[in-house]
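Beneath this line is the structure, given in structure tokens, with notes to follow.
The values are calculated or read from the model by the stated rules, or taken from the named source; none is laboratory data. As the structure is a prediction and not an experimental result, all values here were calculated from the model. So basically every Cβ, Gly included, is an ideal-geometry build from the backbone, and we count neighbours across all protein chains shown. Each accessible area value is taken on the protein alone, full model and side chains, heavy atoms only, with ligands, DNA and RNA left out. Shrake-Rupley method; radii C 1.70, N 1.55, O 1.52, S 1.80 Å.
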Amino acid sequence: LGAGFRPEHLEEIWRAPADAQHEDWLAVNAIDSLNEVRLLFSILDGYCTDDTCRTMSAYQCEYKWSADTHTPQLSCSAPQYVRQAISYIQAMFDDVLIFPQAPGEPY
């Protein structure tokens, strides 16, 4: 990202090509992004374990897991947090009401 990065660059990065449907383009890139997170997590898996990373935290802030706004937030290890987040996101991708599976179905 570096010193030359500006927030308006995100629009350029995520802009669909002229011949692509915007929603399809976003869905494909969202799935690709999740796959990149999985890859990164698999690389870090040996360095950050339930014993060495007891909480999901950064800059003196602890992140707690909650699948929705109706359940209490739970403190968990960083690997548990990432696994739950990946599973939660994958479940949304698998939900045909959110991400249609057949071409031409509306989002």
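Details
- The number of residues in region 44-64 that are at pLDDT 90 or above and open to solvent by less than 60 Å² (accessible area, probe 1.4 Å) comes to 6.
- As for region 32-43, it holds at least one residue that is more than 16 Å from the chain's Cα centre (by Cα) and in a helix (DSSP H, G or I).
- The test for being over 21 Å from residue 47 (Cβ atoms), under 13 Å from the mean Cα position of the chain (by Cα) and open to solvent by 70 Å² or more (accessible area, probe 1.4 Å) holds for residue 88.
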